[in-house]
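**Student:** Starting off with a structure, shown below.
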Amino acid sequence: MRHSSLTYQFERFGLVVVWLAFIALFGVLRPDTFLTWSNFSTIFGSEAVLVIVTLGIIIPLTAGDFDLSIAQTLTLVSMATALLDARLDVPLWLVLPIGLGIGALVGVVNGAITIYFRVHSLIVTLGVGTFLHGITLYIGNSQTVSGVSPILMEWVIIQRYFGIPVAFYYAIGLAAVIWYMMSYTAFGQQLLFTGRGREVGRLTGVGVGRVRLTAFVISGVLGALAGILYTGTTGSANPNSGTYLLLPAFAAAFLGATCIKPGRFNPWGSVIAVYFLVTGINGLSVLGFRTFVQDLFYGGALVLAVMVSQLVSGRQERAL
């Protein structure tokens, strides 16, 4: 029994231990550049957008669905935010709800097609994401739009606490909200039941279709929020800005399912996984490795994370 408990605790915090080992290794190899507060503030502050995208992904994943459109939702909302603010002079208090509304609409479209036409979410969200990318290129004329209001940048990247941009604290606060929702609300339990077996969920009275649709809407809204923050981080919108975030977000989502609550997609595990991956990339960059290492690291982490999460889930099911 004690052995089983120790194994479980190692599974819960193994990724944290490896993360700390990474920090120690890079610190020994490059103490003058890696072990500086400016470097750590860059690590924590620069990836708030990736954290939010990952948090958005784990909601439909918990329900057994994929959302491959979230990165393009981010890009579309980022472009819409920049155009409305910089080109049309729409006030920010109106721009922000418009952006979130776009994300919610994307979620409704994804959910409706997936659920009511019984098409696999992987195919639906891939197609919707490609469609959204076309819209982004059209409305932005395939160009970067700059001149975003400094007010947005002030509330995203300029304001800092302990040297870390305020966007980091938004991401951590959002993770806390999602943790509470998934752990202590009826909807969180319904998400879990839906993902583990839709027929079983229906038999226990769960509105499986409603839960899946809501999960897609939440994912869309979080993708939109990430797009707004991305615009505030860079002060501009690039028509290809969100594309590169999809792979690391899925890698972090599956890697996060191997810690804190092994076998489940969970927000704190996802946050830890994001910063584990970012620390690895940052450390390799400090050591002088070329940029192609980033793709190797993220791709390898995704494959390894999926393998480990499947092994953990299978072991837990056998235990039950």
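The values are calculated or read from the model by the stated rules, or taken from the named source; none is laboratory data. The structure presented is a predicted model; accordingly, all values stated were derived computationally and were not measured. Every residue, glycine as well, gets a Cβ built from its backbone with ideal geometry; the counts of neighbours run over all protein chains shown. Surface accessibility is based on the protein's heavy atoms, side chains included, excluding ligands, DNA and RNA. Shrake-Rupley method; radii C 1.70, N 1.55, O 1.52, S 1.80 Å.
**Student:** Once label points are set 7 Å from the Cα along Cα→Cβ at both residue 286 and residue 141, what is their separation, rounded to one decimal in nm?
**Tutor:** Result: 4.3 nm between the two label points.
**Student:** Please compute the per residue accessible area over the chain with all protein chains in place, 1.4 Å probe, rounded to a whole number of Å².
**Tutor:** Values: 15170 Å² over 320 residues.
Spelled out: the 1.4 Å probe surface of the chain, per residue, equals 47 Å².
**Student:** Continuing with this model, one more query. For 133, 120, what's the largest-to-smallest order of accessible area, 1.4 Å probe? Intermediate values should be presented prior to the final figure.
**Tutor:** On the way: 133 45, 120 105 Å².
These residues rank, largest area first, as 120, 133.
**Student:** What percent do you get for the relative contact order of the chain when only Cα pairs under 8 Å and 6+ apart count?
**Tutor:** Values: 504 pairs, mean separation 99.0, N = 320.
Across the chain, relative contact order equals 31 percent.
**Student:** Obtain the nm distance between the two label points defined at residue 12 and residue 30 by a simple spin-label model: each point lies 7 Å from its Cα along the Cα-to-C-beta direction.
**Tutor:** 3.4
**Student:** For the range 1-100, which whole-number percentage of the solvent-accessible area (1.4 Å probe, protein heavy atoms only) is attributable to carbon and sulfur atoms? Could you put the intermediate results ahead of the total?
**Tutor:** Details: 3270 of 4570 Å².
Roughly 72 percent of what the probe reaches on the range 1-100 is carbon or sulfur.
**Student:** Tell me, what is a quarter of the convex hull surface for the C-alpha atoms of the range 175-235, in nm² with one decimal? Before the final figure, lay out the partial values.
**Tutor:** Numbers: hull surface 18.2 nm².
The orientation-averaged projected area of the Cα hull of the range 175-235 comes to 4.5 nm².
**Student:** Leaving out ligands, DNA and RNA but keeping every protein chain, what accessible area does residue 172 have, in Å² rounded to the nearest 10, with a 1.4 Å probe?
**Tutor:** Its heavy atoms expose roughly 50 Å² to the probe.
**Student:** Rounded to whole Hz and in sequence order, give me ³J(HN,Hα) for the range 7-13 from the Karplus expression 6.51 cos²θ - 1.76 cosθ + 1.60, θ = phi - 60°, writing x for Gly and Pro.
**Tutor:** Taking θ as phi minus 60°, the curve returns 4, 5, 5, 5, 4, 5, 10 Hz for the range 7-13.
**Student:** Based on the Cβ-Cβ distance from residue 244 to residue 200, what FRET efficiency comes out when R0 is 41 Å, to the nearest 0.05?
**Tutor:** On the way: r = 38 Å, r/R0 = 0.92.
E between residue 244 and residue 200, to the nearest 0.05, is 0.60.
**Student:** Can you send over the carbon and sulfur percentage of the accessible area for the range 162-247, probe radius 1.4 Å, protein chains only? Show your work: numbers first, answer last.
**Tutor:** Numbers: 2510 of 3670 Å².
Whole-percent figure for carbon plus sulfur exposure: 68.
**Student:** Residue by residue through the range 243-253, which ³J(HN,Hα) values in whole Hz follow from phi under the Karplus form 6.51 cos²θ - 1.76 cosθ + 1.60 (θ = phi - 60°), with glycine and proline marked x?
**Tutor:** Going residue by residue, I get 4, 6, 7, 5, 4, x, 5, 5, 4, 5, 4 Hz, with x marking Gly and Pro.
**Student:** At a probe size of 1.4 Å, how large is the accessible area of residue 135, to the nearest 10 Å²?
**Tutor:** Near enough 60 Å² of accessible area.
**Student:** I would also like to ask the following. For residue 32, tell me the accessible area in Å² from a 1.4 Å probe, rounded to the nearest 10.
**Tutor:** 120
**Student:** What is the Cα radius of gyration of the chain over 2.2 N^0.38 Å, N being its residue count? Present the calculation step by step, with values, prior to reporting the outcome.
**Tutor:** On the way: Rg = 19.8 Å, N = 320, 2.2 N^0.38 = 19.7 Å.
Cα-based Rg divided by the globular estimate yields 1.01.
**Student:** Using only the heavy atoms of the protein chains and a 1.4 Å probe, how would 168, 216, 117 rank by accessible area, largest first? Each step should come with its number before you reach the end.
**Tutor:** Working: 168 30, 216 0, 117 150 Å².
Descending accessible area places them as 117, 168, 216.
**Student:** Here's a follow-up. Using modelled backbone amide H atoms (1.01 Å from N, in-plane), which distant-in-sequence or interchain residues come within less than 5 Å of residue 236's amide H?
**Tutor:** Placed amide hydrogens put nothing under 5 Å from residue 236.
**Student:** At 25 °C and a viscosity of 0.890 mPa s, what translational diffusion coefficient does Stokes-Einstein give for the range 66-130, taking Rh as the Kirkwood radius over Cα pairs? Give it in µm²/s as a whole number.
**Tutor:** Details: Rh = 12.5 Å.
Calculated translational D: 197 µm²/s.
**Student:** Based on alpha-carbon centroids, what's the gap between the range 168-195 and the range 77-96 in Å, whole number please?
**Tutor:** If we compute the Cα centre of each part, the gap is 29 Å.
**Student:** Let me ask another. Tell me the relative contact order for the range 7-104 as a rounded percent, counting alpha carbon contacts under 8 Å between residues six or more apart. Can you show the working numbers first?
**Tutor:** On the way: 28 pairs, mean separation 13.1, N = 98.
Relative contact order, the range 7-104: 13 percent.
**Student:** Protein chains only, probe 1.4 Å: how do 116, 180 rank by accessible area, largest first?
**Tutor:** Working: 116 155, 180 125 Å².
Result of the area sort, largest leading: 116, 180.
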